[in-house]
């Protein structure tokens, strides 16, 4: 299912790259949950070397987003870096 969502998102992003030609459109990006809506999705993880973590400590929330979404929304990064097209499952970090 995640692969299908990622493929659909990439298809939309590729299509959307043509949108800046429209008046008033400066940039486009995608967010699966709707950015800043308060929605969330998550999953439990097991970190290597961890021992008997509680459900709260092993649960992570995430929102699949398109590359450079912060820049496209005009939100400056305070630390770290933007995600790029080179990031994703099976990619070198």
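Looking at this structure, is residue 81 modelled with pLDDT of 75 or more, out of contact with any helix residue (DSSP H, G or I) (no Cβ under 9 Å at 6 or more places or on another chain) and assigned to a helix (DSSP H, G or I)? It would help to see each step written out before you state the result.
Working: modelled with pLDDT of 75 or more: yes; out of contact with any helix residue (DSSP H, G or I) (no Cβ under 9 Å at 6 or more places or on another chain): yes; assigned to a helix (DSSP H, G or I): no.
It is false that residue 81 is modelled with pLDDT of 75 or more, out of contact with any helix residue (DSSP H, G or I) (no Cβ under 9 Å at 6 or more places or on another chain) and assigned to a helix (DSSP H, G or I).
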When residue 72 is run through (1) assigned to a loop (DSSP other than H, G, I, E, B); (2) within 15 Å of the chain's Cα centre (by Cα), the failure sits at (1)
Per the filter on region 48-78, residues out of contact with any helix residue (DSSP H, G or I) (no Cβ under 7 Å at 6 or more places or on another chain), in contact (Cβ under 8 Å) with a residue 12 or more places away in the chain and under 30 Å from residue 27 (Cα atoms) are 60, 61, 62, 63, 65, 67, 68, 69, 70, 71, 72, 73
Within region 17-55, of all residues that are closer than 17 Å to residue 74 by Cβ, part of a loop (DSSP other than H, G, I, E, B) and touching a strand residue (DSSP E or B) at 6+ places or on another chain (Cβ under 9 Å), the one modelled with the lowest pLDDT is 35
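The values are calculated or read from the model by the stated rules, or taken from the named source; none is laboratory data. What you see is a predicted model, and the numbers here were worked out from it, not measured in a lab. Cβ coordinates were reconstructed from backbone atoms using ideal geometry, including for glycine residues, and neighbour counts include every protein chain displayed.
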